[in-house]
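Read through the structure below, which is laid out as structure tokens, and then see the notes.
What follows is calculated from the coordinates using simple rules that are stated; it is not laboratory data. Just so it is clear, the model here is predicted, and its values are computed rather than measured. Here the Cβ positions follow ideal geometry from the backbone for every residue, glycine too, while neighbour counts run over all protein chains shown.
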Amino acid sequence: MAKAKTKEATTSVYGAGPKSQVIEQHTLTIMVNNEPGVLAKVIGLFSARGYNIESLTVAETDHDKNISRITIVASGTPAVIEQIQHQLERLVPVHKVTDLTVAGDHVSRELGLFKVCGTGEHRIEALRIAEIFGANVVDSTLESFIFELTGKPDKIDAFVDLMRPLGLVNVSRSGSCAMMRGTIVL
């Protein structure tokens with residue numbers, strides 16, 4: 001009679017290997033001095049370490065105190081995002097770094113401008129879709145429209161996907177702007 005093969009569980013003498021970590025997208029806000037070279041320092045930190053920036057917006061938020069707010073959307077493992085945050089906090093012109101994704105409920109929006117060229121049915125369909133999405137027509141010619149749309153990045157992506165076959169020829173996106181909900185002030 002043939003012996004049935006059994007598979008023995010083998011364990012490593014080194015213990016369990018590292019668990020694969022999920023790549024997450026995080027929104028970071030960085031309050032900085034509004035002075036020349038600050039953005040270059042922040043971006044330099046990302047590029048020197050091979051971190052990718054998926055979205056970037058910068059604007060002065062307090063003219064009297066000369067403070068600007070940088071909003072960056074970056075992806076990485078939780079450990080990488082935490083490392084980015086700590087490295088940003090060590091930069092001299094940085095006042096405060098907040099990971100909005102971890103801090104709690106926040107609102108994140110993006111602005112997009114979209115040029116759609118076409119005539120006939122494509123033109124009519126582009127107007128219908130724009131109305132459904134709540135997009136504004138900010139420029140119109142006999143052969144083109146420029147639509148303005150604000151919303152979550154997913155909404156902007158969906159709008160682009162629907163406009164592409166209707167004659168989408170140009171897209172300009174602002175990048176994410178984000179803010180904590182409620183009474184929390186950063």
Q.
Can you go through Arg90, Arg123, Arg109 and tell me which one is charged (D, E, K, R) and closer than 15 Å to Leu39 by Cα?
A. Arg90
Q. Assuming Val169 fulfils every condition listed in (1) in contact with a strand residue (DSSP E or B) (Cβ under 6 Å, 6 or more places away or on another chain); (2) in a helix (DSSP H, G or I); (3) exposed (fewer than 14 other Cβ atoms within 10 Å of the Cβ); (4) not acidic (Asp, Glu) apart from one, which condition is it?
A. (2)
Q: Tally the residues that are surrounded by 18 or more Cβ atoms within 10 Å (Cβ to Cβ), part of a strand (DSSP E or B) and among the aliphatic types (A, V, I, L, M), restricting the search to segment 130-166.
A: 1
Q) Which residues, counting only those in segment 62-93, are farther than 20 Å from His26 by Cβ and surrounded by fewer than 14 Cβ atoms within 10 Å (Cβ to Cβ)? A) Asp62, His63, Asp64, Lys65, Asn66, Val92
(Q) Where the second residue is surrounded by 11 or more Cβ atoms within 10 Å (Cβ to Cβ) and among the acidic types (Asp, Glu) and the first is farther than 21 Å from Asp157 by Cβ and lies in segment 115-143, which pairs have Cβ atoms under 8 Å and are six or more apart or on separate chains? (A) Thr119/Glu143
